[in-house]
Amino acid sequence: MISHKQAFLAYLAQTSPTPLSLEVVKASGIYIRTADGKRYIDLISGIGVSNTGHRNTRVLNAIRKQLGKYMHTMVYGEYIQQPQIELARALAKTLPNQLNSTYLVNSGSEAIDGALKLARRYTGRKEFVACRNAYHGGTYGALSLMDNAFFTEPFKPGLEAVTFMQHNELDDVKCITSSTAAVIIEVVQGEGGYRPSTEEFLTAVRNRCTETGALLIIDEIQTGMGRTGTLFAFEQTSIVPDILCLAKAFGGGMPIGAFISSTEIMQSLQANPVLGHITTFGGHPVCAAAALENLRQLQTQGWIDEVAEKEKLFRSLLKHQNIMDISGRGLMLSIQLESHEAVQKVIHHLLDREIITDWFLHAEDRLRIAPPLIISKKQIKQVCHHLMAALDTLS
Ligand SMILES: Cc1ncc(COP(=O)(O)O)c(C=O)c1O
């Protein structure tokens, strides 16, 4: 009989020659348990997903309740389904007035593709502007918004007209013109290594979009749902997007995303021709029920209020001669080491200590720290102790 690992390598498509291959048997809170009896601290939240912890009890209950009623009944947008309405309504209540219409999808990439299509429909323009070192997803449209040739070259040409501006470079906003359909930015660049956008840059981009009639899309797929210390990171800035994209932690562990805009902009999906975006499972009722309960938890449990204090604690404990820089915001921190090799060494050393960390697509010399928001101060002290020991091995 072949082992689970042999079957994993033989029958599941592989995207890397060196998958981590942890054999998961259970996950709860900040922990992931594996078949060899180990209990890992998930210091990356399954890449920005488990903000309210793995298998949050109330989210589980909401899922069970919905399972007792119905699962899929019809493609997106035709039937009235309570979890979808309540979720969209709860989002409208918490967001600025102009973000009152939600299109529910399956993933972050689909939210981005939907937002791009919406911007083309509404403006009648074809061009897009994105930032260097951004990552907005793996579908063809979303991938076209990435400038890192290492990953994009085999898929060229993507979308025909994408211009890249340097992140935080004020002069570059001039590339936004009256031909631009939309500009897409992250408040804190995720795969760029958790680099915050400056207030000046965000304001300059917002102003230039308003002047030229381009729509501003903010990708909060990684920064959203409390990760940076407010429900959405843009709330800490002076800008409001025309379209907001959510996914990852939005579903409390279930696959769901959204692009959110005003009723006026969103109406352009209805005509010339109808069905401006089609999705079968988008807003799946079980996922929508999970997302609604997840949102309620984030709004009532006080975890988001503790993010700034927990960030401070991490920063005060992460002091080591091998740390060259720490960037990020809230519980979205990146530690810069001297090289990619050093990062890999620390990741593997931490795995031996049953702690999961990771690297970044466009910042290979940085280590990712993004634990579930429910992590306690005691657990932060514990992981920082192990981090220091791992960093010692580099000296
Ligand atoms: C900022 C950002 N946008 C979009 C995506 C794409 O999301 P998904 O993997 O759900 O398609 C990601 C995924 O890592 C992301 O970090």
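Points to keep in mind about this one:
- Of all residues in segment 122-140, those that are among the aromatic types (Phe, Trp, Tyr), within 14 Å of the ligand (Cβ to nearest atom) and in contact (Cβ under 8 Å) with a residue 40 or more places away in the chain total 1.
- All positions within segment 141-153 that are touching a residue at least 24 places away in the same chain (Cβ under 8 Å) and either away from the ligand (no atom under 16 Å from the Cβ) or of a type outside the set (A, V, I, L, M) (or both): Gly141, Asn148, Phe151
- Selection status of Asn61, of a type outside the set (A, V, I, L, M, F, W, C), part of a helix (DSSP H, G or I) and either in contact (Cβ under 8 Å) with a residue 60 or more places away in the chain or closer than 15 Å to Pro255 by Cβ (or both): yes
- Counted residues, segment 278-324 - those being outside any helix (DSSP H, G or I) and of a type in the set (Gly, Ala, Ser): 3
- Residue count for segment 151-172 satisfying the condition of being among the hydrophobic types (A, V, I, L, M, F, W, C), in contact with a Leu (Cβ under 9 Å, 6 or more places away or on another chain) and modelled with pLDDT under 95: 3.
- Given (1) within 16 Å of the ligand (Cβ to nearest atom); (2) hydrophobic (A, V, I, L, M, F, W, C); (3) in a loop (DSSP other than H, G, I, E, B), number of the condition Leu275 does not satisfy: (1)
- Residues (on the phi > 0 side of the Ramachandran plot and within 16 Å of the ligand (Cβ to nearest atom)) located in segment 41-70: Ser45, Gly46, Ile47, Gly48
- Some residue of segment 202-221 being of a type in the set (A, V, I, L, M), over 20 Å from Met266 (Cβ atoms), in contact (Cβ under 8 Å) with a residue 40 or more places away in the chain and within 16 Å of the ligand (Cβ to nearest atom): no
- Neighbours by Cβ (under 7 Å, 6+ apart or cross-chain): first from segment 17-40, touching a residue at least 40 places away in the same chain (Cβ under 8 Å) and at negative phi; second assigned to a strand (DSSP E or B) and among the charged types (D, E, K, R): Ile30/Asp42; Ile32/Asp42; Arg39/Arg33
- Qualifying position, being surrounded by fewer than 15 Cβ atoms within 10 Å (Cβ to Cβ) and within 30 Å of Gln299 (Cβ to Cβ), among Thr73, Thr102: Thr73
- Segment 243-263, residues that are at negative phi, away from the ligand (no atom under 11 Å from the Cβ) and buried (at least 24 other Cβ atoms within 10 Å of the Cβ): Ile243, Leu244, Ala258, Phe259, Ile260, Ser261
- Residues satisfying the stated conditions in segment 95-152, i.e. assigned to a loop (DSSP other than H, G, I, E, B) and among the charged types (D, E, K, R): Arg125, Lys126, Arg132, Asp147
- When each of Ala111, Ala119 is tested for being within 29 Å of Ala288 (Cα to Cα) and either away from the ligand (no atom under 14 Å from the Cβ) or surrounded by fewer than 21 Cβ atoms within 10 Å (Cβ to Cβ) (or both), the lone residue that passes is Ala119.
- Some residue of segment 72-81 being within 25 Å of Tyr140 (Cα to Cα), outside any strand (DSSP E or B) and within 15 Å of the ligand (Cβ to nearest atom): no
- Looking only at segment 358-379, residues that are surrounded by 21 or more Cβ atoms within 10 Å (Cβ to Cβ) and in contact with a Lys or Arg (Cβ under 6 Å, 6 or more places away or on another chain) come to 1 in all.
- Screening Leu43 with (1) out of contact with any Asp or Glu (no Cβ under 8 Å at 6 or more places or on another chain); (2) within 20 Å of Asp352 (Cβ to Cβ); (3) free of Cβ contacts under 8 Å to residues at least 40 places away in the same chain gives one miss only, at (3).
- Cross-chain or 6+ apart pairs with Cβ under 7 Å, segment 349-361 first and more than 12 Å from Ser334 (Cα to Cα) and in contact (Cβ under 8 Å) with a residue 12 or more places away in the chain, then of a type in the set (Ser, Thr, Tyr) and buried (at least 21 other Cβ atoms within 10 Å of the Cβ): Leu350/Thr357; Leu361/Tyr135
- Residue tally, condition among the β-branched types (Val, Ile, Thr) and within 16 Å of the ligand (Cβ to nearest atom), over segment 175-194: 5
- Restricting Lys93, Lys156 to residues that are free of Cβ contacts under 8 Å to residues at least 24 places away in the same chain, under 22 Å from Thr223 (Cα atoms) and over 18 Å from the mean Cα position of the chain (by Cα) narrows the list to Lys93.
The values are calculated or read from the model by the stated rules, or taken from the named source; none is laboratory data. Model, not experiment: these values are computed from the prediction. Positions of Cβ are backbone-derived with ideal geometry, glycine not excepted, and every protein chain shown enters the neighbour counts.
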